[in-house]
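Some notes on the structure that comes next.
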Amino acid sequence: MTSAYRKSAEMLAAAADLLDQSEIVNRLSLDLMAPGPDTLARAAETIERARAFGPVLVCCALGYSRSAAAIATWGLRTGRYASLDAAIASLGSARPRIILDEAARAAILAAATR
């Protein structure tokens, strides 16, 4: 587990250097495990607050599920997506290999209504 967190921290540091940004928020969760509704709600709130300062990069190590779930939740909460299906279609067009299983979809819908 420690190596996964270390790798995540290394990726965040590289992103900060690349983007010349000093404000990085790290929400730790496991690869291919659906984040819970509370985690997704906090991620969506963080994304929306960060937008006040400019473009926001949302990423995870694999880029298949956690970041897609966070963006889908943010989009639903802010009215950018009319439905979960619309969010998945939009995200899928940008990242065709996203994986949002039933647990992730349920968590997104629960977080979107908080």
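Every read-out reported here was derived from the displayed coordinates using simple, explicitly stated rules and does not represent laboratory data. What you see is a predicted model; the values in this text were computed from it and never measured. Please note: Cβ atoms are built from the backbone with ideal geometry, for glycine as well, and neighbour counts cover all protein chains shown.
Observations on the model:
- Contour excess over end-to-end distance, with Cα ends at residue 90 and residue 48 and 0.36 nm allotted per residue: 13.3 nm
- As a proxy for reagent exposure, 67, 83 were ordered by neighbouring Cβ count within 10 angstrom, fewest first; the result is 83, 67.
- Per-residue Cβ neighbour rank within 10 angstrom, fewest leading, 81, 64: 64, 81
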